[in-house]
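Below: the structure, in structure tokens.
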Amino acid sequence: MDLNNILSQLESANEEDVDALLQQYNRENSHTFAFEQKEEALRSKLCQSVLTVLGRQVLPGCQKTCLETLRILSRDKRVLAPVATREGMMILGRMARLRAGEEGGDEEKSSQEDALSEEEERVVVEALKCLCNVVYNSPAAQQVSVDVQLAHGLCASLRTARSWRHEVGLFSLRLLFLLSALRPDLRGVLRREWHAVRLLSEVLEHTLDVSWVGPYEAARPDSQALPMPAEDNERAMEALKASFNLTLSYTGGEEDDHQFRLIAAILRHLLMLKTETEEKTEEAHSHAVNLLNNLPASCLDVLIDLPVQGGQEKYGGKNMDAIQVLLDFMEKRIDKGSNYKEGLTPVLSLLTEGSRQHREIRRYIKAQVLPPLKDVKIRPEIGTTIRNKLVRLMTHVDMGVKQTAAEFLFVLCKESVDNLLKYTGYGNAAGLLVARGLLAGGRGETQYSEDEDSDTEEYKSAKPFINPITGHVEEPLPNPIEEMTEEQKEYEAQELVNMFDKLSRQNVIRPMGVRPDGTLAPLEETLCDPHEDNSGSDSD
């Protein structure tokens with residue numbers, strides 16, 4: 001449909017004709033996401049014309065059609081100038097019932113939300129979709145949103161979450177997520193002045209149907225209960241994403257401790273739920289892990305401070321069900337074999353901090369990941385156990401993945417170099433030891449309990465024969481110089497020296513040694529005595 005024709009008719013058309021014209025345009029472009037550059041000016045004028053129509057008192061049916069047109073146009077970030085104005089954003093905010101930039105009590109707003117007809121609800125949903133597109137695609141619209149306090153209107157809307165219909169809730173939460181993601185400066189205001197973290201926690205409580213039976217203890221989901229409905233799961237994911245933004249790099253204070261613990265309890269409840277598909281369950285667990293990483297590690301005791309069914313006395317009577325879910329999630333992410341940085345490192349970091357701060361969590365995870373060694377004839381990185389998989393990651397090409405996996409195993413070993421080498425071999429652990437300055441052995445800085453690990457009889461008997469580099473008992477290899485004469489041995493040794501000397505002079509390799517403090521240094525520095533005065537000696 002010709003845009004010039006639409007624009008010329010819109011100027012003089014009545015409401016019914018406007019509705020018919022734009023409906024035809026919407027049908028023709030509903031699946032259009034890439035627009036021709038030559039018509040940018042015309043599409044920008046169409047945006048302005050549609051806003052002009054919305055500024056008049058038109059019926060909800062026409063409002064919905066106009067908003068659908070704007071939603072299609074807002075896919076093109078180059079034509080949003082008319083919308084990314086105070087007037088344009090105020091119109092969309094009013095259509096979405098957010099009262100952007102206006103005074104109005106929450107009680108009045110709530111009563112209006114309850115009175116929405118189905119047709120009016122479709123208008124609100126379309127306006128929210130438009131706002132999501134415009135905010136995502138236009139930095140100017142983001143600034144106007146801050147100026148007209150669009151987020152304040154969203155927080156007021158969160159207070160009526162129990163009366164939301166699905167799409168109104170979904171796109172309200174998505175808009176809050178986008179604003180908090182794209183405008184980091186808004187996060188502090190959302191937390192302090194509009195209590196958005198608390199409001200989002202209440203949304204999660206309601207959406208996940210949390211029923212409290214004690215301080216930070218939710219009633220356990222019925223194992224026979226139906227999976228969480230897809231719509232509830234969608235809204236919960238948007239609330240989790242917005243909560244993640246608002247708690248990112250925020251340490252909080254004493255007054256926030258209760259809120260953080262409440263979030264941890266809600267997330268524990270979420271970890272125990274199932275959704276309609278395994279893929280959606282994994283997605284929910286991924287968002288839960290991300291948010292748990294933002295909470296102080298001291299709050300993670302909420303994950304295990306519940307009554308135990310069946311008893312686990314050796315872990316202090318703590319309930320490890322949620323920790324097991326996290327371990328299963330971690331192994332699934334390892335088995336996927338891709339996107340380790342975003343998919344795996346968050347859960348590794350979470351379990352590392354939980355193990356560092358909470359003795360019972362560390363002891364439970366170590367029993368699953370690093371059980372007492374028995375068979376030491378196979379290299380630590382070979383096999384299908386979770387230990388084998390993690391040791392393989394210690395030499396991964398991605399530095400972040402490698403360091404996170406190594407740190408996790410190091411903490412499980414109570415940051416003891418000897419214990420780590422026992423489970424991984426020196427070759428796999430070398431990267432971590434270099435980074436931590438522990439090549440000479442010793443421990444990390446964290447203090448751990450004094451309980452000792454007991455070795456199996458199989459490990460004790462095999463220990464003298466284990467190659468410390470590879471971490472396993474190797475089959476004896478034939479001695480390559482056994483049948484050489486002394487002259488041949490001297491010749492080969494000299495050839496080796498010459499080869500190393502050449503590589504060193506060409507800076508292909510640089511001989512290194514270990515200082516007494518466990519850090520690497522050039523070989524010549526580690527060989528000289530720091531207390532010896534060589535100022536008067538001759539040097540070649």
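The values are calculated or read from the model by the stated rules, or taken from the named source; none is laboratory data. Just so we're clear, the structure is a prediction, and the values are computed from it rather than from any experiment. Cβ sites come from the backbone with ideal geometry, for glycine too, and all protein chains shown count toward neighbours. Each accessible area value is taken on the protein alone, full model and side chains, heavy atoms only, with ligands, DNA and RNA left out. Shrake-Rupley method; radii C 1.70, N 1.55, O 1.52, S 1.80 Å.
Could you tell me whether any residue of the stretch 97-108 is under 17 Å from Ala156 (Cα atoms), in a helix (DSSP H, G or I), of a type outside the set (S, T, N, Q) and modelled with pLDDT of 95 or more?
The first filter runs over the stretch 97-108 and keeps only residues under 17 Å from Ala156 (Cα atoms), leaving 97-108.
Still in the running and in a helix (DSSP H, G or I): 106-108.
Restricting the remaining residues to those that are of a type outside the set (S, T, N, Q) gives 106-108.
With modelled with pLDDT of 95 or more added as a condition, the list becomes none.
Within the stretch 97-108 (the criterion being under 17 Å from Ala156 (Cα atoms), in a helix (DSSP H, G or I), of a type outside the set (S, T, N, Q) and modelled with pLDDT of 95 or more), the answer is no, since none of the residues qualifies.
Within the stretch 238-248, is there a residue that is among the basic types (Lys, Arg), crowded, with 23+ Cβ neighbours inside 10 Å and within 28 Å of Arg122 (Cβ to Cβ)? Walk me through how you get there before you give the answer.
The first filter runs over the stretch 238-248 and keeps only residues among the basic types (Lys, Arg), leaving 241.
Now drop any that are not crowded, with 23+ Cβ neighbours inside 10 Å, which leaves none.
No.
Only one residue in Glu205, Glu167, Glu113 is in a helix (DSSP H, G or I), modelled with pLDDT under 90 and not hydrophobic (A, V, I, L, M, F, W, C), so which one is that? Walk me through how you get there before you give the answer.
On the way: Glu205 fails: modelled with pLDDT under 90; Glu167 fails: modelled with pLDDT under 90.
The match here is Glu113.
Could you list, ordered by first residue, the pairs with Cβ atoms under 6 Å in which the first is in the stretch 153-167 and closer than 14 Å to His195 by Cβ and the second is in a loop (DSSP other than H, G, I, E, B) and open to solvent by 10 Å² or more (accessible area, probe 1.4 Å), at least 6 apart or interchain?
Close Cβ pairs satisfying both conditions: Cys155/Trp194.
In the stretch 44-63, how many are in a helix (DSSP H, G or I), in contact with an Asp or Glu (Cβ under 6 Å, 6 or more places away or on another chain) and either open to solvent by less than 10 Å² (accessible area, probe 1.4 Å) or closer than 22 Å to Ser12 by Cβ (or both)?
Residues in the stretch 44-63 being in a helix (DSSP H, G or I), in contact with an Asp or Glu (Cβ under 6 Å, 6 or more places away or on another chain) and either open to solvent by less than 10 Å² (accessible area, probe 1.4 Å) or closer than 22 Å to Ser12 by Cβ (or both): 1 in total.
Scan the stretch 21-35 and tell me whether some residue there is part of a helix (DSSP H, G or I) and over 44 Å from the mean Cα position of the chain (by Cα). Don't jump to the end; show me each part of the working.
As a first pass, look at the stretch 21-35 and keep what is part of a helix (DSSP H, G or I): 21-29.
The next check asks that each one be over 44 Å from the mean Cα position of the chain (by Cα); those that pass are 21.
Checked against the condition, which is being part of a helix (DSSP H, G or I) and over 44 Å from the mean Cα position of the chain (by Cα), the stretch 21-35 yields at least one hit.
Pick from the stretch 66-77 the residues that are open to solvent by 10 Å² or more (accessible area, probe 1.4 Å) and assigned to a helix (DSSP H, G or I): which of them is modelled with the lowest pLDDT?
Lys77
Only one of (1) touching a helix residue (DSSP H, G or I) at 6+ places or on another chain (Cβ under 9 Å); (2) of a type in the set (Gly, Ala, Ser); (3) part of a helix (DSSP H, G or I) fails for Gly427. Which number is that?
Gly427 satisfies all of (1) touching a helix residue (DSSP H, G or I) at 6+ places or on another chain (Cβ under 9 Å); (2) of a type in the set (Gly, Ala, Ser); (3) part of a helix (DSSP H, G or I) except (1).
Filter the stretch 490-517 for residues that are in a loop (DSSP other than H, G, I, E, B) and at negative phi and give the result. Walk me through it before giving the result.
Residues of the stretch 490-517 in a loop (DSSP other than H, G, I, E, B): 506-511, 515-517.
Gln506, Val508, Ile509, Arg510, Pro511, Arg515, Pro516, Asp517, listed by residue number.
Of the residues Ala297, Ala367, only one is surrounded by fewer than 15 Cβ atoms within 10 Å (Cβ to Cβ), aliphatic (A, V, I, L, M) and under 22 Å from Tyr448 (Cα atoms); which? Write out each step before concluding.
Numbers: Ala297 fails: surrounded by fewer than 15 Cβ atoms within 10 Å (Cβ to Cβ).
Unique residue meeting the criteria: Ala367.
Please indicate, with yes or no, whether at least one residue in the stretch 458-477 is in a loop (DSSP other than H, G, I, E, B), farther than 30 Å from Thr526 by Cβ and open to solvent by less than 70 Å² (accessible area, probe 1.4 Å).
Checking the stretch 458-477: not a single residue is in a loop (DSSP other than H, G, I, E, B), farther than 30 Å from Thr526 by Cβ and open to solvent by less than 70 Å² (accessible area, probe 1.4 Å).
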